[in-house]
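**Q** Just dropping this structure here.
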Ligand SMILES: O=C(O)CCC(=O)C(=O)O
């Protein structure tokens, strides 16, 4: 059965133009205060819970944990978070920004930047970490903050138009290389970074090739974020190992699809 209901989003033509020009965009008040309160509760539960399917990428005290206390695939253990991760409003926003005919879920993760002994998330691109064949797959992340963020507790910064520099090497986030040294011709044509403080319940979307960074958290409270990664329908699996695709029954060279990568938004006919 076809779905002919237009999904309402806060995305305007100005957001779409900005995203396509710069490779990222800020969208305020993606969720209401009631949704924010509910999502905070769910995320606290999921980050505490030792789930069957979600995976923590490091333990307290580890080098990666100092950068990010991260849990991947929260939606697979927490049905409440699943409602947000699969939210049609979010996925339709991603579809409008990219212009894709369809948007699939790739995965979600909780990204807590812990207080004390906190390190910045170094400049990196996301695409080099993902097991996809296309060098410019148009994949994108929604970074939805549950706390007000600024330079003191881990807000993000982006280099406008850096998504046009192509896919560079993946950075070791715990022992980072200098991403800018991988840019052909040095830094000459790299734009100045833009720092993006946000109010809780607001978000950014960024292309998987856009250079981005998050400040260390020097406050005494965790910075809490739900990030959702989306793939335009048709992006193909490379077969490389990845925590999200291992054992998911995907075939190299074939578009990513199936129940772990549901189509969440599609163009109406
Ligand atoms: O939250 C952070 O510190 C970094 C997030 C990030 O790199 C991402 O969402 O791609």
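**Q** So, residue 197, is that one within 16 Å of the ligand (Cβ to nearest atom), more than 17 Å from the chain's Cα centre (by Cα) and touching a residue at least 12 places away in the same chain (Cβ under 8 Å) or not?
**A** Working: within 16 Å of the ligand (Cβ to nearest atom): yes; more than 17 Å from the chain's Cα centre (by Cα): no; touching a residue at least 12 places away in the same chain (Cβ under 8 Å): yes.
So residue 197 does not fit the description; no.
**Q** While we're looking at this one, here's another question. Test residue 6 against the criterion of being in contact (Cβ under 8 Å) with a residue 24 or more places away in the chain and surrounded by 14 or more Cβ atoms within 10 Å (Cβ to Cβ), and give yes or no.
**A** No: the conditions fail for residue 6.
**Q** Residue by residue through the stretch 12-27, note down the ones that are outside any helix (DSSP H, G or I) and more than 16 Å from residue 95 (Cβ to Cβ).
**A** If the condition is that a residue be outside any helix (DSSP H, G or I) and more than 16 Å from residue 95 (Cβ to Cβ), then 23, 24, 26 are the ones that fit.
**Q** Show me the helices (runs of 4 or more DSSP H) found entirely inside the stretch 40-106 where at least 1 residues are out of contact with any strand residue (DSSP E or B) (no Cβ under 7 Å at 6 or more places or on another chain) and within 15 Å of the ligand (Cβ to nearest atom).
**A** Details: elements: 63-67, 79-85, 88-98.
So the answer is 63-67.
**Q** May I pose another question? Taking the stretch 37-85 only, how many residues are closer than 20 Å to residue 218 by Cα and either surrounded by 18 or more Cβ atoms within 10 Å (Cβ to Cβ) or at pLDDT 95 or above (or both)?
**A** So the answer is 6.
**Q** Within the stretch 200-221, can you find the residues that are more than 13 Å from the chain's Cα centre (by Cα) and near the ligand (Cβ under 10 Å from one of its atoms)?
**A** Residues of the stretch 200-221 that are more than 13 Å from the chain's Cα centre (by Cα), as a first pass: 200-202, 215-221.
Of everything in the stretch 200-221, those that are more than 13 Å from the chain's Cα centre (by Cα) and near the ligand (Cβ under 10 Å from one of its atoms) turn out to be 215, 216, 217.
**Q** Can you pull out every residue in the stretch 28-39 that is more than 16 Å from the ligand (Cβ to nearest atom) and in contact with a strand residue (DSSP E or B) (Cβ under 6 Å, 6 or more places away or on another chain)?
**A** The answer is none; no residue qualifies.
The values are calculated or read from the model by the stated rules, or taken from the named source; none is laboratory data. Every value quoted in this text rests on a predicted model; they were computed, and no experiment measured them. Neighbour counts are summed over all protein chains in view; Cβ atoms, including those assigned to glycine, are modelled from backbone coordinates with ideal geometry.
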